[in-house]
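The values are calculated or read from the model by the stated rules, or taken from the named source; none is laboratory data. All figures in this text were calculated on a predicted structure; none of them were measured in a lab. We place every Cβ from the backbone using ideal geometry, glycine too, and count neighbours over all the protein chains shown.
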Ligand code: GAP
C-alpha cells in the first residue's frame with residue numbers, strides 16, 4: 001500500500017514539474033478536485049482525444065461526430081432520469097465532519113476481505129509450486145471460502161438495499177461491519193442520505209425570470225436528442241453511431257485520486273443505434289473493439305480487465321467496465337452499456353416528438369436500441385501517464401526517470417539538439433525544425449551537455465532526440481536516439497520526416513489496430 005501511495009505521489013509531482021497538470025487557481029490555494037492542463041498536458045490530452053476520434057469516426061464509415069451544447073433544456077434531465085435518480089448515498093462522520101460515499105466505504109471494506117483471500121491463494125501457490133490448483137484451492141480451503149462468501153454477501157446486501165432505497169439498512173450494514181472513518185477511526189456516523197450529483201445554474205438576466213438549468217452530467221443526452229437530426233441530414237442507415245467528446249460536470253461527494261474523479265471532466269462517448277434484438281451482438285463487438293483500442297497503446301495487456309456488471313441499471317440489458325490497473329489498483333476506465341431503447345423512448349414521451357427510424361429493409365418503423373461506449377478523457381490521461389512514468393536502473397548503475405508515453409500520444413515527437421551552440425550547428429538544427437514543424441510538434445534545446453538534455457527529454461516523454469554535430473554539416477546526417485532503448489542511429493536529414501511518420505503518426509498507429 002505504501003509503495004502504491006509513493007508511486008502515485010511521484011505521478012502527481014512529475015505531472016506538475018513537467019508542465020502536464022497544475023492544481024486549478026493555485027495562487028488562491030486551488031479548488032478541490034479541479035485541475036488545469038499545462039503546456040504538455042494540453043498536447044497529450046489533445047492527442048488522446050484525436051486518437052479516439054480518428055479510430056471511432058474516421059475509421060468507421062457508419063459513425064459520425066457531434067458537438068452538442070453543455071446547456072440543455074431542463075426537461076432533458078427529467079426524461080433521462082438524472083433529476084430523480086442521479087444520486088449517490090452519502091454519510092457524514094459526526095466527529096471528523098468528513099463526508100463519504102456510503103457505498104464506497106462498504107466497497108472498500110469488501111475489497112479488503114477479497115485481498116485477504118487473494119493473499120491466502122498466493123501463499124498456497126508458493127507453498128505447492130507447480131502442483132497448485134487454484135480452482136480446487138478456492139473451492140475447498142475453508143478460510144478462502146469464508147472470505148469469498150463474506151465479500152459476496154456484503155456487496156449483495158448493499159446492492160439490494162440501495163435498489164430498494166433502504167438507506168437505513170445501508171447505515172446498519174456500516175455499523176454491523178464496524179466500518180470507521182478512514183482518516184480518524186471514528187464510528188460516529190449520521191444517517192445515510194441521497195445526494196444529487198448535478199450542478200444547477202440559472203439562465204436569464206433577472207432572478208424572477210431565470211430558468212433553472214443543469215450543467216450536463218454526461219455528454220450522451222446531447223446525442224440522444226439529436227438522433228433524428230443526424231440520422232436524417234446524414235442519411236444514416238442503421239446500424240450507425242454518433243460520437244462526441246466534451247465536458248461533463250458532477251458534484252462528486254468525494255472527488256479524490258487526482259484526475260481520476262473530478263467535478264469537471266471530459267468524456268468521449270459514442271452511441272451506436274441498432275435494430276432491436278441485435279444489441280447484444282453489437283455490445284460484444286464494441287467490448288472487443290474498445291479493448292483492442294486500449295491495448296494498441298502498448299501499456300501492458302495485463303493492466304486491463306473486464307468487469308461485467310451483475311446488477312444492471314433499470315435501462316440496461318448488459319453492461320461492463322474496462323478496468324485499468326491505476327497506481328491505486330484496478331478501477332473503471334471505460335463503460336460499455338447496452339442501454340436498450342430507454343433513452344429515446346423517454347425523450348419521445350417527455351417531448352411528444354417521435355424519435356423513430358424507418359427501416360427500409362424491414363419496411364417498418366421502430367425505436368432503435370443503443371449500445372454506448374463511454375470513456376473519461378482525464379481518466380485515460382491518468383492511465384497513460386501513470387503507466388508510462390518509470391524509474392530505470394542503467395547498466396552503469398545510475399538511474400533515469402523516463403516517461404515512456406506511446407509515441408503517437410507524446411506532446412513533443414522529437415527534440416532537435418545542436419551538439420554545441422556554435423559553428424553553424426544551431427542554424428542547421430533550426431533548418432531541420434523548419435522542415436519538420438509542418439507535420440510534427442518538435443522542440444529545440446541547446447542548453448547543458450547533451451547527456452543532460454537527453455535525460456530532460458526522457459523525463460518529458462519525448463520519444464526521439466535528433467542531435468546535430470559537426471559531421472552533419474559535412475554529410476547531412478544526424479543521430480536519432482530512441483527514448484526507450486537509448487539506441488542511436490545515424491540517418492540522413494532527408495529521411496527524418498519519413499522516420500517520424502512511421503514511428504509517431506496517427507496513420508501508422510491506427511493501421512496496427
Ligand atoms: N453516459 C454514460 C456515463 O456517463 P459513467 O460510467 O457515469 O457513464 C463514463 O461515466 C466514464 O466517464 C467513466 O468510465 C469514467 O471514465 C468517466 N467519469 C465518470 N465520472 C468521472 C469523474 N467524476 N471524473 C473523471 N472521469 C469520470
Exercise. Residue check: is residue 297 closer than 26 Å to residue 60 by Cβ, outside any strand (DSSP E or B) and under 18 Å from the mean Cα position of the chain (by Cα)?
Worked result: yes
Problem set entry | Single unsatisfied condition, residue 190 versus (1) under 32 Å from the mean Cα position of the chain (by Cα); (2) closer than 30 Å to residue 93 by Cα; (3) touching a residue at least 12 places away in the same chain (Cβ under 8 Å); (4) surrounded by fewer than 18 Cβ atoms within 10 Å (Cβ to Cβ) | (1)
Exercise. Quick one: would you say residue 193 is in contact with a helix residue (DSSP H, G or I) (Cβ under 9 Å, 6 or more places away or on another chain) and either away from the ligand (no atom under 15 Å from the Cβ) or modelled with pLDDT of 95 or more (or both)?
Worked result: yes
Exercise. Which condition breaks for residue 212 when tested against (1) away from the ligand (no atom under 13 Å from the Cβ); (2) crowded, with 18+ Cβ neighbours inside 10 Å; (3) under 27 Å from residue 68 (Cα atoms)?
Worked result: (2)
Problem set entry | Unique residue being more than 14 Å from the ligand (Cβ to nearest atom) and not in a strand (DSSP E or B) when the list is 285, 315 | 285
Exercise. Taking the range 356-380 as the search range and keeping residues that are more than 10 Å from the ligand (Cβ to nearest atom) and within 31 Å of the chain's Cα centre (by Cα), which one is surrounded by the fewest Cβ atoms within 10 Å (Cβ to Cβ)?
Worked result: 367
Exercise. If we scan the range 489-508, do we find a residue that is within 11 Å of residue 428 (Cβ to Cβ), surrounded by 20 or more Cβ atoms within 10 Å (Cβ to Cβ) and in contact with a helix residue (DSSP H, G or I) (Cβ under 8 Å, 6 or more places away or on another chain)?
Worked result: no
Problem set entry | Condition check for residue 280: in contact (Cβ under 8 Å) with a residue 24 or more places away in the chain and within 14 Å of the ligand (Cβ to nearest atom) | no
For this session: May I ask you to list the residues in the range 318-355 that are over 15 Å from the mean Cα position of the chain (by Cα) and more than 15 Å from the ligand (Cβ to nearest atom)?
Result: 341, 345, 348, 349, 350, 351, 352, 353, 354, 355
Problem set entry | Where residue 464 falls short, out of the listed (1) crowded, with 18+ Cβ neighbours inside 10 Å; (2) at pLDDT below 95 | (2)
Exercise. If only one of 469, 484 is on the phi < 0 side of the Ramachandran plot and surrounded by 16 or more Cβ atoms within 10 Å (Cβ to Cβ), which one is it?
Worked result: 469
Problem set entry | the range 324-348, residues that are closer than 23 Å to residue 233 by Cα and surrounded by fewer than 17 Cβ atoms within 10 Å (Cβ to Cβ) | 345, 348
For this session: Within the range 474-507, work out how many residues are over 20 Å from residue 458 (Cβ atoms), in contact (Cβ under 8 Å) with a residue 24 or more places away in the chain and not in a helix (DSSP H, G or I).
Result: 1
